[in-house]
Structures are given as C-alpha cells and as structure tokens.
Amino acid sequence: MGTLRGAWPRTTEGSSTSGRRAGRPTRTRTGGIRRLAILDDPRRIEGAARLTDLFGRWPSFHDAEVVSARLDRRAFREGESGPTLDLSIHAFEMTSEVDPTGVFVLRDHVLIELRFHGVDGLSLQDFNTQNVLFSLSIEAFPAACEEEFAYEVGLWSSYGLWGGFRCRRVEVVGVSPRTKVAGSIPGGG
C-alpha cells in the first residue's frame, strides 16, 4: 500500500493544531466533541443528492483528479461568512471488472463542482499538472456558536495537490458528465 502524502493538518516546529500529530487528521474526540466523517451523513452537504443518486453513496474520491481550484474573497463582501474555495474534480466509479487489456473498467465519469463557504486556515500545496486524490475527507462537528467552523476538509494526495482547511458550509454546485480521459488504472495489482 502506498503512503499518504500531505495529510491535513500538517504542523511544523513551533506551530499547533490542537495537539494533533503532524500529517494525521483527527477522527477522535477533540475538546469533548465527536467529529463525524461526512460519509456517515452526506445530507449535511447542500446538493449531495446529485452525487448519491448517481453513485448510490457519497464517493470516496479515490483516484479522482482535482482539475482546478479557485479562491474568491468577494463572497465575504456579498454577505457570506468568509471567502469561498471552488474545486473542480473529475471523478468516476471504479468497478471490479477488468477489460481485455487488464485495465479496471471505470464508469460514470463526471466533473464535480464543490464549493466550500467561509474558508479559514487554508493550506494547499503541490498543485501540479496532475492532482490525484487518495481521498477527500470532510468531517463535520457541531459548532459551539455561529462564528465557529462546522467542517474540516482534508485533501489526501496520491500525486500533486494536497492540503486542508476549515469551512462553514459545503455545497455540490454542479455535476456534469465527462468523457473518459487519457490514462487508466491497470488491473491485477
């Protein structure tokens, strides 16, 4: 099994992320609040049905590719609770079928537009010509007050872009069909 590069949150000497070890997102109790992986309840995400209807569940985003990332500070001026981050992600469902050339059969290729509202503590690194995710984690936790963040997002990298941030709201802005792109995943290993 490969290693995870760039897991969020990443700390450096002299910095702190609530006592968490560098390179490992928390899935334990923090300050007495149990964090929930969004996979437990994707209905927390606006527009999640667009993906759950297509894939039958919330996708893991394993081997999905971040095609673009766009930051916008204007949302803060327009009444939102801070800047937004839009991610365009090419995703698909990998089946257990293998074609005659030994490649896993992929289906339901889509371009997913995710918008994260009220972004804070943003750390993104290594955006490259290809940005393959190992997974996309979205952890929800109850906000103690309106000014606190409700989600912690981690981009776990197989290659290229990695990082993480906190945000107040997550939205599936769009899902559009996409044809299979060059490059595939060889079977048998």
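Taking first residues from the stretch 134-156 that are polar (S, T, N, Q) and partners that are at pLDDT below 80 and part of a strand (DSSP E or B), the Cβ contacts under 7 Å between residues at least 6 apart in sequence or on separate chains come to Ser137/Ala37.
Within the stretch 116-129, the residues that satisfy the criterion of being at negative phi, touching a strand residue (DSSP E or B) at 6+ places or on another chain (Cβ under 6 Å) and either at pLDDT below 95 or of a type in the set (A, V, I, L, M, F, W, C) (or both) are Phe116, His117, Val119, Asp120, Leu122, Leu124.
Tell me the residue from Glu97, Glu113 that is exposed (fewer than 14 other Cβ atoms within 10 Å of the Cβ), among the charged types (D, E, K, R) and either touching an Asp or Glu at 6+ places or on another chain (Cβ under 8 Å) or not in a loop (DSSP other than H, G, I, E, B) (or both), please.
Glu97
The numbered conditions (1) hydrophobic (A, V, I, L, M, F, W, C); (2) touching a helix residue (DSSP H, G or I) at 6+ places or on another chain (Cβ under 6 Å); (3) at pLDDT 95 or above are all true for Ala140 except (3). Scanning the stretch 116-134 for residues that are over 14 Å from Leu87 (Cα atoms) and crowded, with 19+ Cβ neighbours inside 10 Å yields a count of 2. Taken as a whole, the stretch 65-79 holds at least one residue that is modelled with pLDDT of 95 or more and crowded, with 19+ Cβ neighbours inside 10 Å. What do you reckon, is Gly163 surrounded by fewer than 19 Cβ atoms within 10 Å (Cβ to Cβ), at pLDDT 95 or above and touching a strand residue (DSSP E or B) at 6+ places or on another chain (Cβ under 7 Å)? No, not satisfied.
When you look at Ser15, is it outside any helix (DSSP H, G or I), at pLDDT 65 or above and of a type outside the set (Val, Ile, Thr), yes or no?
So Ser15 does not fit the description; no.
Within the stretch 50-58, the presence of at least one residue that is surrounded by 14 or more Cβ atoms within 10 Å (Cβ to Cβ), of a type in the set (Ser, Thr, Tyr) and modelled with pLDDT of 70 or more is confirmed.
The values are calculated or read from the model by the stated rules, or taken from the named source; none is laboratory data. The structure presented is a predicted model; accordingly, all values stated were derived computationally and were not measured. Glycine also receives a Cβ, built like all others from the backbone with ideal geometry; neighbour counts cover every protein chain displayed.
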